[in-house]
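Notes follow the structure.
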Amino acid sequence: MRTASHTILTGAYLALGAFFCFSLQDASVKWLVAGIAVVQVLFVRSAVITLFLTARFGPDLWGKLWTSPYRLQLLLRGMLLLGAWISYYTASRHLQLSEMTTIYYASPILVTIFAVIFLGEHVPKTRWVIASAGFLGVIIACLPRDASQTVAIGLAFLAAILWSVSITLMRSMATKVPSQFQMLAQNVILLIACGAMLPWSWTWVSWDVLLLMTGVGLFGGMGQYLMVEAAGRAPASVTATMEYSSLIWAFALGAIIWGDIPPHNVWLGGAIIMISGLYLLYWERRRIPTG
């Protein structure tokens, strides 16, 4: 029989997989937006995910979404994510992958706070300690920032706030709205909003660039699916802590793709972040009854 702790542990693993996919997506988008409008990349990304969902679950999915009693909440979450992604990927033009990810990492502690305030979740002291330790790792890992990039830094922080609110809202609907509904809703909203802006921002691209843009959709779609599934199994405070793992991927991908070698303080902070996430998994595993 599946216990509550076992379910939470499964949710934590799903969240780890989701944030790995999101890291691949972020690196791909940062590469693309150097010469392509953010809304064009997001449009292709959302189109790929929307087509996949329609093919996988059938056109009836659209009708069920339209008649869902939670359609207004889904609309609100889609608008929050639209603002978060446009802000985040606009900032990526001016910040290193590791730097913008570090700034964005105000979100896990915000999710933990919002979960208590808006969802009434009881967060054990151990999870508070782990979340705080991960946030301390973020502070230590912060790279020196150019003061001239104030706007980009502000956009990355705004993205963190919007993402935190959207995750909290997703958690409130996770057991009531199927994963495919949440995914379809948020991607249709992006598709419509970004499509409306395309006439002023479209750029013709080569086939290899189009292939990479399609890959962004695949990475993002898989990340979204795993994230929604994780939210249905684990409290927001747990999935938020798992988000710290993507900072490690950001540093690794930044070094591989752009040759960004973080200083010693980044490695120290990254170690603290990774240890905090692994300890949460260990702690949840210990809560699973044996025998």
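The figures follow:
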| quantity | calculated |
| --- | --- |
| Answer residue from region 257-290, given it is open to solvent by less than 90 Å² (accessible area, probe 1.4 Å), of a type in the set (A, V, I, L, M) and farther than 22 Å from ASP26 by Cβ and is modelled with the lowest pLDDT among those | ILE288 |
| Count - residues of region 181-202 that are part of a helix (DSSP H, G or I) and either without any contact (Cβ under 8 Å) to a residue 40 or more places away in the chain or surrounded by fewer than 18 Cβ atoms within 10 Å (Cβ to Cβ) (or both) | 7 |
| Verdict on THR239 being touching a helix residue (DSSP H, G or I) at 6+ places or on another chain (Cβ under 8 Å), surrounded by 21 or more Cβ atoms within 10 Å (Cβ to Cβ), assigned to a helix (DSSP H, G or I) and among the hydroxyl-bearing types (Ser, Thr, Tyr) | yes |
| Pick from region 117-127, criterion open to solvent by 40 Å² or more (accessible area, probe 1.4 Å) and free of Cβ contacts under 8 Å to residues at least 40 places away in the same chain, ranking: nearest to ALA152 (Cα to Cα) | ILE117 |
| Out of ILE113, ILE86, sole residue that is touching a residue at least 24 places away in the same chain (Cβ under 8 Å) and of a type in the set (A, V, I, L, M, F, W, C) | ILE86 |
| Given (1) part of a helix (DSSP H, G or I); (2) open to solvent by 40 Å² or more (accessible area, probe 1.4 Å), index of the condition ARG233 fails | (1) |
| Residue check, LYS176 in contact (Cβ under 8 Å) with a residue 12 or more places away in the chain, open to solvent by 60 Å² or more (accessible area, probe 1.4 Å) and farther than 24 Å from ALA27 by Cβ | yes |
| One residue from LEU75, LEU110, LEU136 being open to solvent by 10 Å² or more (accessible area, probe 1.4 Å) and more than 21 Å from GLN224 (Cα to Cα) | LEU136 |
| Residue tally, condition open to solvent by 40 Å² or more (accessible area, probe 1.4 Å) and at pLDDT below 85, over region 203-228 | 1 |
| Hey, PHE43 within 30 Å of LEU278 (Cβ to Cβ) and buried (at least 18 other Cβ atoms within 10 Å of the Cβ) or not | no |
| Test for ARG56: is it surrounded by fewer than 21 Cβ atoms within 10 Å (Cβ to Cβ) and among the charged types (D, E, K, R) | yes |
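Yes/no matrix, rows are residues, columns are (1) under 26 Å from ARG93 (Cβ atoms); (2) among the aliphatic types (A, V, I, L, M):
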position: ALA12; (1), (2): no, yes
position: ALA15; (1), (2): no, yes
position: ALA18; (1), (2): yes, yes
position: PHE22; (1), (2): yes, no
position: GLN25; (1), (2): yes, no
position: TRP31; (1), (2): yes, no
position: VAL41; (1), (2): yes, yes
position: VAL48; (1), (2): yes, yes
position: LEU51; (1), (2): no, yes
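The values are calculated or read from the model by the stated rules, or taken from the named source; none is laboratory data. The structure presented is a predicted model; accordingly, all values stated were derived computationally and were not measured. As a convention, Cβ positions derive from the backbone with ideal geometry for all residues, glycine included, and neighbour counts pool all protein chains shown. The accessibility values were calculated without ligands, DNA or RNA, using every heavy atom of the protein model including side chains. Shrake-Rupley method; radii C 1.70, N 1.55, O 1.52, S 1.80 Å.
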